[in-house]
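The values are calculated or read from the model by the stated rules, or taken from the named source; none is laboratory data. These figures come from a predicted structure and were not determined experimentally. Glycine also receives a Cβ, built like all others from the backbone with ideal geometry; neighbour counts cover every protein chain displayed. Remember, those area values only see protein heavy atoms, side chains included, never the ligands or the DNA or RNA. Shrake-Rupley method; radii C 1.70, N 1.55, O 1.52, S 1.80 Å.
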Amino acid sequence: MFSSLRFRLPALFLAGIALTAVVSAAIAFGLFRNYTQNQAKRELRREAAGLTQLYSEQALRAQEENKPPPFFAGKRLERASGNQLYYVGVGPFSGQEFGLRKLPQKSVDWPALQRGRTLEFTFVPPGETRKFLAVAHPLYLQRNGPPLGALVVATPQTQLSDQVARLLERVAIALLVGLLVTAALAWYLSGRITRPVRRLAEAADEVAEGNYDVAVPHVPGRDEIADLADSFRQMAARLAEAEELERNFLMTVSHELRTPLTAIRGHVEALREGLAQDPEARGASLDVISEEAGRLERLVGDVLDLAKLDTRRFTVLREEVDMARLLDRAYAAFGEEAKQRGIEYGRDVSAEPVIVSDGDRVLQIISNLLANAFRWTPDGGRVDLRLSADDGRVLVAVEDTGPGIGPEERERIFRPFWTHDGKGTGLGLAIARELAVALGGQIELDTELGRGSRFELVLPANLA
């Protein structure tokens, strides 16, 4: 479970969130602690200044009116403010007690106080074990005279720590709740992400075992996983089609090999047993053997050519090729079949270019296109072979009056082993296109159902 993507995605997400939260909490803790201390110092300064002024006014009034000092004022002020009050230096009431606890001068920076500075410091008051944050404000009885002493307002530092601790506790609770909500959301989202991935993985296992008809899950949306599912579905369909083509090819090749082999074997047995006595019968048998052997040679040659083209181990010769003469050779090879089937067979040469290419392979391409045209043209139909040159290109067109090709099959016909009617090897057009590409050209198709087809070989006019 811990190695699954379903667990690792939310775990990694939560780890990132937790790390970010801890860092943010640490920064917030430091900022809040500094803010609390600064705020406490400002309040202590304000309180110290106000109380110092109050005691200074009371001391002056007591001297003028000959009244006793406010002995109980210190305790009341401490209860009202929540802070502790101390005094350091000479008392403002002529040596009389006035309710503030006294501190020795060594508790503060006495020279700085004499210069009129307000001091911020920490100390442990007599009788206390806690450390206090304090502010000492100079107390004057004469405006231009030196300060008599300083009133000290102090607060325990533990109070500041308690405030920070309460904040930290609330932050921890908020962080825990946030992590729980985030964990639930991350677990849900990881399930949404990994569920189709797991189903795709299961489908991939099925494909790996050879089951190409597996149902690929549909993933809604237009994200990367949906694209992956669509690509995988197309791949599975192509693999299933390839397997079907391979199976059909093996059946077709087996049939194509068995037919000439059966004929050859029959005539060889007839010659061996002396069934063909007269020279004419023996000659006919030898002609059949030669024909069928040539058929086998062409079939094996097609398979080898396709294998070489697929592995890019095909060698292209560079020689001068007289296209008009080569077209005559290709045209003549199908003349007899055209006569026997009553097909109107035409040739049109509007240019006679001589190019640098592989003549045998160009002839093979044209022959394959013509063979395809004659296969699909009905008896009494028409096949035309045309040669022209235009804009630095040499064009060889083969037109027929066959049934035409539907839009969904215009790409399939160039795939190896695919045939419209399940007959033949399905290699002719595949080899023709691969050869055309190897020679730097291409094959263009113009077809319409019920109108026939036009295959055009386009080669670069590398003129000799």
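Keeping all protein chains in place, calculate the accessible area per residue for the stretch 325-451 (probe 1.4 angstrom), answer in Å².
Numbers: 6040 Å² over 127 residues.
Heavy-atom accessible area per residue stands at 48 Å².
Based on the mean of other beta carbon atoms within 10 Å per residue, what is the order of 31-38, 382-389, most packed first? Could the numbers behind the result be given before it?
Numbers: 31-38: 13.0, 382-389: 19.1.
Highest to lowest by the protection proxy: 382-389, 31-38.
Going by average Cβ neighbours within 10 Å, how do the peptides 83-90, 224-231 rank, with the highest at the top?
Details: 83-90: 20.6, 224-231: 14.2.
Final packing ranking: 83-90, 224-231.
Alpha carbons only, please: Rg and Dmax for the stretch 16-76, in angstrom.
22.1, 72
Please name whichever of A373, G359, V349 sits farthest to the positive end of the charge dipole of the stretch 341-390, dipole taken about the Cα centre and charges placed at Cβ: Lys and Arg +1, Asp and Glu -1.
A373
In terms of solvent-accessible area of protein heavy atoms at a 1.4 angstrom probe, what is the ranking of M235, M323, highest value first?
Greatest to least solvent exposure: M235, M323.
On a C-alpha basis, how far is the centre of the stretch 360-430 from the centre of the stretch 97-157 in Å? Whole number, if you could?
First find each Cα centre; the distance between them is then 109 Å.
Tell me, what % of the accessible area of the stretch 100-198 is carbon and sulfur with a 1.4 angstrom probe?
Details: 3400 of 5880 Å².
For the stretch 100-198, the apolar C and S fraction of the accessible surface comes to 58 percent.
Given H placed on each backbone N at 1.01 Å, which residues far from R393 in sequence or on other chains put an amide H within less than 5 Å of it?
It is A461, by chain and number.
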